[in-house]
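Input: a single structure, listed below in structure tokens.
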Amino acid sequence: RIYSHTLEAIGDAPKLGTGLGTFEDTFRMYRTSDLPTTVAKAHSSYLENMLELGIPIALALFVIFAYLGFVCARGAVVRRRDRIYPSLGLASLLLVGTPSLVDFSMQIPAVAIAACFLIGLGTAQSWNTDNGPYRASRDRAFS
């Protein structure tokens, strides 16, 4: 029921959303008597982001994280050594991204910070610096 009311609210403000952090206040207008008096979270981070940010910005956010997942997956396959770091980044992304379909674990600061740290670590270690764009500048610095 919360999802259907959230989708209705998204339909009323699809482009610009209602503003970051406004779910609880916005949902009061769509709440029916069969729901508790206050609903603080949508219990789906994706739906809540679409309501608060608007569909275009929420989709951009989702695409960014999908790209980071792709980079980590590519790094886990392509790298010859230290594959553990991109694998760890991808695993972290999946570990917090999948439950966010039905929960709001990414809104817990400790979870979000740890996940972003591991995703950043995995992304940074997905490129081989020996053959990448940094080689020329590194070779000049040491010659």
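The values are calculated or read from the model by the stated rules, or taken from the named source; none is laboratory data. All values reported here derive from a predicted model rather than from experimental measurement. Ideal geometry is used to build each Cβ from the backbone, glycine not excepted, and the neighbour counts take in all protein chains shown. Note: areas computed on protein heavy atoms with side chains; ligands, DNA, RNA excluded. Shrake-Rupley method; radii C 1.70, N 1.55, O 1.52, S 1.80 Å.
Structure notes:
- Listed residues M106, M29, M50, most fluctuating in the chain (Gaussian network, C-alpha, under 10 Å): M29
- Here the chain has 67 percent of its accessible surface on carbon and sulfur atoms, given a 1.4 Å probe and all protein chains in place.
- For the chain, modelled as a GNM whose springs connect Cα atoms under 10 angstrom apart, the maximal fluctuation among L121, L90, L53 occurs at L121.
- The chain - accessible surface per residue (Å², probe 1.4 Å): 63 Å²
- At least 24 Å along the helix axis (C-alpha) and Kyte average at least 0.5, DSSP helices within the chain: 55-78
- Rg(Cα)/(2.2 N^0.38 Å) for the chain, N = residue count: 1.36
- Label point distance in nm, A124-D103, each placed 7 Å from Cα along Cα→Cβ: 2.8 nm
- Here the calculated FRET efficiency for A40 and V77, from their Cβ-Cβ distance with R0 = 41 Å, stands at 0.50, rounded to the nearest 0.05.
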